[in-house]
1. Identify the single condition in (1) modelled with pLDDT of 90 or more; (2) of a type in the set (G, A, S); (3) open to solvent by 100 Å² or more (accessible area, probe 1.4 Å) that A80 does not satisfy, given that it satisfies every other one.
2. Which residue is surrounded by the fewest Cβ atoms within 10 Å (Cβ to Cβ), if the candidates are limited to region 4-19 and must be among the hydrophobic types (A, V, I, L, M, F, W, C) and free of Cβ contacts under 8 Å to residues at least 24 places away in the same chain?
3. Out of (1) open to solvent by 50 Å² or more (accessible area, probe 1.4 Å); (2) modelled with pLDDT under 90; (3) of a type outside the set (A, V, I, L, M); (4) under 26 Å from R11 (Cβ atoms), what's the single condition that is false for Q127?
4. Are there any pairs, at least 6 apart or on different chains, whose C-beta atoms fall under 6 Å, with the first in region 113-141 and over 10 Å from H58 (Cβ atoms) and of a type in the set (D, E, K, R) and the second part of a helix (DSSP H, G or I) and open to solvent by 20 Å² or more (accessible area, probe 1.4 Å), and if so, which?
5. Starting from residues that are open to solvent by less than 30 Å² (accessible area, probe 1.4 Å) and not aliphatic (A, V, I, L, M), keep the ones in region 38-63 and report whichever is modelled with the lowest pLDDT.
6. Any chance region 110-118 includes a residue that's open to solvent by 70 Å² or more (accessible area, probe 1.4 Å) and either in a helix (DSSP H, G or I) or under 21 Å from S18 (Cα atoms) (or both)?
Amino acid sequence: MDEFTEYVTARWPTLVRSAVLLGCTPSEAEDLVQSALERCLLKWNRVRDAEDRDAYVHRVLINCFRSSRRRRWHGELPSAALPERPGGSDQTAGVDDTDAVMRALDRLPGDQRTAVVLRYYAHLTEQQMASVLGVAPGTVKSRLSRAVKALAQDPHLAELREPR
């Protein structure tokens, strides 16, 4: 297996989840990640030589996400029938919690939402985030601080914090 394939295999679930947390549906997220990885493959020498590959790829993912939201997307069209997911297990547990979190993230401004996704889902450091977002580390800290405060005060998430 070549280096790019190994990277994609290891990072695919994290990248797709990051795209979902940025505001994509699961199928849009897969398309977005595929587009981002296609760009990375074309410039793989640059990605390979990057100081932090994950930060570089997340930067490409965010740029693709922003581009897709700026203009009408004329890429692949969704299919009417989706294939069955492997495993067949009931995946409905936690749907309400996931919905509450996604709605709370939707209520955050885009820069704060991006900061939350990069920090708490992609587990990038503040320095990596600053590099990805092209801002100063202090800006990253203030965005995260405001986002965490807003999420802590969100009444819809309060229900998740209470014992059941």
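The values are calculated or read from the model by the stated rules, or taken from the named source; none is laboratory data. If you're wondering where the values come from, they're calculated on a predicted model, not measured in any experiment. Note that each Cβ is placed from the backbone with ideal geometry, even for glycine, and that neighbours are counted across all protein chains shown. To get the accessible areas, we keep the full protein, side chains included, count just its heavy atoms, and leave off ligands, DNA and RNA. Shrake-Rupley method; radii C 1.70, N 1.55, O 1.52, S 1.80 Å.
1. All conditions pass for A80, except number (1).
2. A10
3. Tallying (1) open to solvent by 50 Å² or more (accessible area, probe 1.4 Å); (2) modelled with pLDDT under 90; (3) of a type outside the set (A, V, I, L, M); (4) under 26 Å from R11 (Cβ atoms), Q127 fails exactly one: (2).
4. If the second residue must be part of a helix (DSSP H, G or I) and open to solvent by 20 Å² or more (accessible area, probe 1.4 Å), the pairs left are E126/P137.
5. Applying the filter and picking the extreme gives W44.
6. No, the conditions are met nowhere in region 110-118.
For every residue, the table says whether it meets (1) surrounded by 11 or more Cβ atoms within 10 Å (Cβ to Cβ); (2) more than 30 Å from F4 (Cα to Cα); (3) modelled with pLDDT of 90 or more.
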residue: F65; (1), (2), (3): yes, no, yes
residue: R85; (1), (2), (3): no, no, no
residue: D96; (1), (2), (3): yes, yes, no
residue: V132; (1), (2), (3): yes, no, no
residue: E162; (1), (2), (3): no, yes, no
